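Accompanying notes for the structure given below.
We did not get these values from a lab; they are worked out from the coordinates using the rules stated. Because the structure is predicted, anything quoted here is derived from the model rather than measured. Here Cβ is always computed from backbone atoms with ideal geometry, including for glycine, and neighbour counts include all displayed protein chains.
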Amino acid sequence: MGRYDTVILDIGNVLVDFCWKAHIDSFGYDDEIKERIAKASVLSDDWNEFDRGAIEEDEIIERFVENDPGIETEIRNTYADITTLLKQYDGAKPFILKLKELGFRVLYLSNFSRKAEVECAKELDFIPLTDGGILSWHYKLIKPEPAIYELLIDMYDLDPKRCIFFDDSKRNVEGARRCGFDAEVFKGYDEAMKLITQ
């Protein structure tokens, strides 16, 4: 098989488009309101804690509102239903299936909230094609904290030197490298396949 036996994939911006801008755009707010919604929510530190699973759904909305009380109605409307927050890439399932065909174990490791897992479930229908993985909220850990990478190693008895990890975030890639993984910023399926099979 070569250098690697396991491929680890982030989900957002690797297997699905984390299209938060399009989601906010869909409500028809003007540019100022859209920017304020983003700063109060997805671009805030609270979003990371939402992915960690440390904050319940009701509480996270309250925190977003506290970040900008002047747009409470708009924030509540935007996050009442987030089914359009993620959109699966056309190449996601073919990529996973090709890796499996080549004999690789395929795992996922993603910062992910319970709300997104539930409401965007149809965009995550590639998960049964994988060999498992970690969604952060289940374990109250998030990348790039070492503990989440170490948990993946323990759960799947991984040799990090035989694994390659892809993430859209340089911080998360660096976190994986500190835990012994080969890791690369994701730049498309073709480039990833070249790195995996080199």
Practice problem: For the stretch 20-79, just run the numbers: alpha carbon Rg, then divide by 2.2 N^0.38 Å, N being how many residues it has. | Solution: 1.03
Exercise. May I ask you to list the lysines whose Cα is less than 21 Å away from that of residue 194, ignoring any residue fewer than eight positions away on the same chain?
Key: 93, 98, 100, 161, 170
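Over the Cα atoms of the stretch 93-184, what is the Rg over Rh ratio if Rh follows Kirkwood?
On the Cα set of the stretch 93-184, Rg over Rh gives 0.95.
Roughly how big is the stretch 20-79's charge dipole about its Cα centre, with Cβ charges of +1 (Lys, Arg) and -1 (Asp, Glu), in debye to the nearest 20? All intermediate terms of the calculation are to be shown ahead of the outcome.
Details: 7 positive and 18 negative charges, 42 e Å.
Approximately 200 debye in magnitude.
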Quiz item: How would you rank 130, 6, going from fewest to most other Cβ atoms within 10 Å of each one's own Cβ?
Solution: 130, 6
Quiz item: Which residue fluctuates the most in the chain, going by a Gaussian network model with Cα springs under 10 Å, if the choices are 146, 128, 94?
Solution: 128
Self-check item: Fluctuation leader among 133, 175, 103 - the chain, Gaussian network, Cα springs under 10 angstrom
Solution: 103
